[in-house]
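J.: Structure incoming, see below.
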Amino acid sequence: MIYTVTLNPAVDYVVQLDNFKPGQINRSNFDYKEAGGKGINVSRVLNRFNTSSTALGFIGGFTGTFIADYLSEANISHDFIQLEEDTRINVKLKSGNEESEVNGRSPEITDNAYSQFSAKLKGLSSEDIVVLAGSLPSSLPKDTYRSLVDMLNAQGVTAILDTSGEALAEAIKAGPAFIKPNNFELAELFGEEVKTDQDIIRLAKRLHEENNVDHVLVSMAKEGAIYVGEAGVLKLSAPKGKAIHSVGAGDSAVAGFIYKWQETKNAEEAAKYAVASGSATAFSKTLCTKEEVENLLKEVHVTKI
């Protein structure tokens, strides 16, 4: 079974404006609300690939109810821990070719709530995959993902990690099975400039060899991706298209890798599907569909390095 963990979910309120004017009244010409958070997005994309998953994490208040109802209507299983405070709201403003975000404050996760959550993971086994994705709420320690990966590894569970910053730096010490930093996050992780493919390969090899990360997929937007891991070193080209929706592209890539890896156990095919999935979302107004991914797959070319 696949479980996705979103410790810091949100209701995403997306607003389209013709011309955003700070300090004035702005009226949207189009807006919508959806369940947000990286783990939740992975579940949503897997659902579009006809693959079941269960979304875990924390929700609260009327915004938490919105997320639960949103997933239920999409036939996505969920088993959240309830908090007293409302789940945050993230406002995403789209004006012309620009995107701006105002992210709400995270609710406090109490010790009791976290204990209830971690108990749900303690019964899992080698037949399960857990996706740990997104930022950490300010009320949780920076090494939370590291502790969770340690626990999952001890149980034989496949731990997939998609986060950044200090949370990533701590968590890779536990050796997750898969990570998907972009080139900027990779540079931040090592405190180095990343200017060339060789820079990316060198640092990704360190993650693979020194931190025992089985699969490292470094995304580079329109430049494609570089994979380092069990399949060797691969450079993957990105399909050509106009990027109109960057939100969820990385989450789609994670879902694409998991989907194809489960099906084939072939890391090269999984990496190709990940790139096509991320591109399909970037080229769409919302998260990708399986048909959109399949249409782009032939444009992803692999070069073994």
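J.: Since THR264 meets every condition but one in (1) touching a residue at least 24 places away in the same chain (Cβ under 8 Å); (2) out of contact with any Pro (no Cβ under 6 Å at 6 or more places or on another chain); (3) hydroxyl-bearing (Ser, Thr, Tyr), which condition does it not meet?
T.: Evaluating THR264 over (1) touching a residue at least 24 places away in the same chain (Cβ under 8 Å); (2) out of contact with any Pro (no Cβ under 6 Å at 6 or more places or on another chain); (3) hydroxyl-bearing (Ser, Thr, Tyr) leaves (1) as the failure.
J.: Restricting the first residue to the range 182-199 and requiring it to be without any contact (Cβ under 8 Å) to a residue 60 or more places away in the chain, which pairs with a second residue that is assigned to a helix (DSSP H, G or I) and aromatic (Phe, Trp, Tyr) meet a Cβ separation below 9 Å and a spacing of at least six or different chains?
T.: That search, which allows pairs on different chains as well, returns VAL194/PHE184.
J.: Now for a different question. Does VAL14 count as at negative phi, among the β-branched types (Val, Ile, Thr) and assigned to a strand (DSSP E or B)?
T.: Here the answer is yes, as VAL14 does meet what is asked.
J.: Among the residues of the range 83-135, which ones are on the phi < 0 side of the Ramachandran plot, part of a loop (DSSP other than H, G, I, E, B) and of a type in the set (Gly, Ala, Ser)?
T.: GLY104, SER106, GLY123, SER125, SER126, SER135
J.: Check LEU217, LEU207, LEU203 and return the single one that is at pLDDT 95 or above, in contact with a Leu (Cβ under 6 Å, 6 or more places away or on another chain) and under 24 Å from LYS173 (Cα atoms).
T.: Exactly one of LEU217, LEU207, LEU203 is at pLDDT 95 or above, in contact with a Leu (Cβ under 6 Å, 6 or more places away or on another chain) and under 24 Å from LYS173 (Cα atoms), namely LEU203.
J.: Oh, and also: Only one of (1) over 13 Å from VAL213 (Cβ atoms); (2) in a helix (DSSP H, G or I); (3) not hydrophobic (A, V, I, L, M, F, W, C) fails for LYS173. Which number is that?
T.: That leaves (1) as the condition not met.
J.: Looking at ASP197, ASP251, which one is within 26 Å of ARG146 (Cβ to Cβ) and either acidic (Asp, Glu) or in contact with a His (Cβ under 9 Å, 6 or more places away or on another chain) (or both)?
T.: Residue meeting the stated conditions: ASP251.
J.: Any residue at all in the range 84-106 that's over 17 Å from LYS33 (Cα atoms), within 22 Å of the chain's Cα centre (by Cα) and either of a type in the set (S, T, N, Q) or surrounded by 13 or more Cβ atoms within 10 Å (Cβ to Cβ) (or both)?
T.: Among the residues of the range 84-106, at least one is over 17 Å from LYS33 (Cα atoms), within 22 Å of the chain's Cα centre (by Cα) and either of a type in the set (S, T, N, Q) or surrounded by 13 or more Cβ atoms within 10 Å (Cβ to Cβ) (or both), which makes the answer yes.
J.: Say whether the condition of being over 19 Å from the mean Cα position of the chain (by Cα), assigned to a helix (DSSP H, G or I) and at pLDDT 95 or above is met by at least one residue in the range 274-291.
T.: yes
J.: Among the numbered criteria (1) modelled with pLDDT of 95 or more; (2) under 17 Å from the mean Cα position of the chain (by Cα); (3) surrounded by 24 or more Cβ atoms within 10 Å (Cβ to Cβ), which one does VAL228 miss?
T.: With respect to (1) modelled with pLDDT of 95 or more; (2) under 17 Å from the mean Cα position of the chain (by Cα); (3) surrounded by 24 or more Cβ atoms within 10 Å (Cβ to Cβ), VAL228 is out only on (2).
J.: Among the residues of the range 17-66, what is the count of those that are within 17 Å of the chain's Cα centre (by Cα) and in a strand (DSSP E or B)?
T.: Selection size over the range 17-66: 8.
J.: In the set SER237, SER252, SER246, SER219, which member is touching a strand residue (DSSP E or B) at 6+ places or on another chain (Cβ under 9 Å), crowded, with 21+ Cβ neighbours inside 10 Å and among the polar types (S, T, N, Q)?
T.: SER219
J.: GLY64 passes all but one of (1) surrounded by fewer than 18 Cβ atoms within 10 Å (Cβ to Cβ); (2) closer than 27 Å to THR289 by Cα; (3) not polar (S, T, N, Q); which number fails?
T.: So GLY64 meets the others, but not (1).
J.: If you don't mind, there's one more thing I want to ask. How many residues does the range 128-156 hold that are under 17 Å from ALA55 (Cα atoms) and of a type in the set (D, E, K, R)?
T.: Here the count works out to 1.
J.: If TYR145 satisfies every condition in (1) over 24 Å from ASN41 (Cα atoms); (2) buried (at least 23 other Cβ atoms within 10 Å of the Cβ) but one, which is the exception?
T.: Failed condition: (1).
J.: Only one residue in LYS304, LYS260, LYS265, LYS290 is farther than 27 Å from SER95 by Cα and surrounded by 24 or more Cβ atoms within 10 Å (Cβ to Cβ), so which one is that?
T.: None of the other options fit; the residue is LYS260.
J.: Further question on the same structure: List the residue pairs whose Cβ atoms are under 8 Å apart, where the first residue sits in the range 283-305 and is without any contact (Cβ under 8 Å) to a residue 24 or more places away in the chain, the second is buried (at least 16 other Cβ atoms within 10 Å of the Cβ) and assigned to a loop (DSSP other than H, G, I, E, B), and the two are 6 or more positions apart or on different chains.
T.: GLU292/PHE283; GLU292/SER284
The values are calculated or read from the model by the stated rules, or taken from the named source; none is laboratory data. Bear in mind the structure is a predicted one, so any value in this text is a computation, not a measurement. Every residue, glycine among them, receives a Cβ derived from its backbone with ideal geometry; neighbour counts consider all protein chains shown.
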